[in-house]
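The values are calculated or read from the model by the stated rules, or taken from the named source; none is laboratory data. Quantities reported herein were computed from a predicted structural model and do not represent experimental measurements. Note that we place each Cβ from the backbone using ideal geometry, even for glycine, and neighbour counts take in every protein chain shown.
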Amino acid sequence: MPDVIARPVRFDQIDAQDAADDWRFNCGPAAVCAILHLTPAEIRPHLREFEEKGYTNPTLMFAILDGLGVRFERLRPPIGFPRYGLARIQWEGPWTARGVPQRVRYRKTHWVGSRLMGGA
């Protein structure tokens, strides 16, 4: 896997903004592109109902990864930040209070692709 990690991301801010303008590219597809060394155009056919929804919940993310043939392990906190993989961050605030529906909480999340290099 080190050869995958060492390769640079294959899209830049202009590519990301163009895809965002064209089909709502955002953090979910971007995180997958970053860790799998794909471009926005290459990931787009694999995004299932993303374009209609405009977001990537965990169920959709796992379906996207399955559709791409990616083997993955679903880890739950507290595990620390992954050296190689996807992390879904839940921002804390009033939307995470007891009794707030999960779909409301999901609106304040962010996907990150991690390809940490070096170190132990």
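Are there any pairs, at least 6 apart or on different chains, whose C-beta atoms fall under 7 Å, with the first in the stretch 103-120 and under 21 Å from Leu36 (Cα atoms) and the second loosely packed, with under 13 Cβ neighbours inside 10 Å and at pLDDT below 90, and if so, which?
Qualifying pairs under 7 Å: Ser114/Phe81; Met117/Ala6.
Against the definition (at pLDDT 95 or above, more than 18 Å from Leu116 (Cβ to Cβ) and exposed (fewer than 12 other Cβ atoms within 10 Å of the Cβ)), how does Pro101 come out, yes or no?
For Pro101, the condition - at pLDDT 95 or above, more than 18 Å from Leu116 (Cβ to Cβ) and exposed (fewer than 12 other Cβ atoms within 10 Å of the Cβ) - is not met.
Quick check: is even one residue across the stretch 82-89 more than 15 Å from Gly113 (Cα to Cα) and of a type outside the set (A, V, I, L, M)?
No, every residue in the stretch 82-89 fails to be more than 15 Å from Gly113 (Cα to Cα) and of a type outside the set (A, V, I, L, M).
Could you check Val70 against (1) of a type in the set (Val, Ile, Thr); (2) closer than 18 Å to Leu36 by Cβ; (3) at pLDDT below 95 and say which number it fails?
Unmet for Val70, out of (1) of a type in the set (Val, Ile, Thr); (2) closer than 18 Å to Leu36 by Cβ; (3) at pLDDT below 95: (3).
I'd like to check which helices (runs of 4 or more DSSP H) are fully inside the stretch 1-83 and have at least 1 residues that are surrounded by 12 or more Cβ atoms within 10 Å (Cβ to Cβ) and free of Cβ contacts under 8 Å to residues at least 24 places away in the same chain.
13-23, 40-43, 50-53, 58-67
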